[in-house]
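All remarks here apply to the structure that follows.
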Amino acid sequence: MTTPNQTLNVLFLCTHNSARSILAEAALNHLGKVKGVQRFRGFSAGSSPRDNQQPNPLALRALQDAGIATEGLSSKSWDVFALADAPRMDLVITVCDNAAGEVCPYWPGQPATAHWGYADPSNAPGSEADKLAAFKQTLLAIHRRLELLINLPLASVDRLLLQQQARDLAQKD
């Protein structure tokens, strides 16, 4: 069970941690402050980020255009969050189908899990403007689900109920 002032840590996973998971992390940190209290804290990681992987510049631009802070965003391996000194996660959400099908590391505390699949905006065809529009559309879809998540009655939620509610949100658009 959670307490009214407890911060829930949510880890968003994707393969390279450069687009969808970055969008979700930043959006949740933007939305997660409720009545002056940081109720949700977003993190992101990838199952196999490339060497020197950086967040996709179009992801950063979509966030900036939406008025969402991008400072501190970086691509990193999910192994970082399996270490003993890593923040304890309450919920782990895969945001791409590849990461959802992979065997995840053991997460300390056995957090709730869910899958919210989004098409990769990095693969959008067309001009730079078309690609940016795809990133903005993905951000909007993520934002909608996150608004539903942060408005769940979390004061009485246990891990299994949180998991089911997060999974149910995957059906909402």
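Take the range 1-86 with all the other protein chains still there, run a 1.4 Å probe, and you get 47 Å² of accessible area per residue. Comparing the chain with the 2.2 N^0.38 Å rule of thumb, its C-alpha radius of gyration ratio is 0.97 (two decimals).
Backbone amide hydrogens, once placed in the peptide plane, bring SER44 within less than 5 Å of PHE12, excluding anything fewer than 5 places away on its chain.
Counting only protein heavy atoms and a 1.4 Å probe, tell me what percentage of the chain's accessible area is made up of carbon and sulfur. Of the solvent-accessible surface of the chain, carbon and sulfur hold 50 percent. Any chance you could give the angle, 0 to 90 degrees and rounded to 10, that helix 128-150 forms with the longest Cα principal axis of the chain? Compared with the principal axis, the helix lies near 10 degrees. Angle between the Cα long axis of helix 20-31 and the longest principal axis of the chain, 0 to 90 degrees, nearest 10? Here the helix axis deviates by roughly 60 degrees. With respect to the chain, whose longest principal axis is taken over its alpha-carbon atoms, helix 159-169 is tilted by about 30°.
Restricting to bridges with both residues inside the chain, how much of the DSSP beta-bridge set is antiparallel, in percent to the nearest 5? If you can, show how the numbers build up before the last one.
Values: 2 of 18 bridges.
DSSP beta bridges in the chain are roughly 10 percent antiparallel.
The values are calculated or read from the model by the stated rules, or taken from the named source; none is laboratory data. Since this is a predicted model, take the numbers as computed values, not measurements. Heads up: the accessible areas ignore ligands, DNA and RNA and are worked out on the full protein's heavy atoms, side chains in. Shrake-Rupley method; radii C 1.70, N 1.55, O 1.52, S 1.80 Å.
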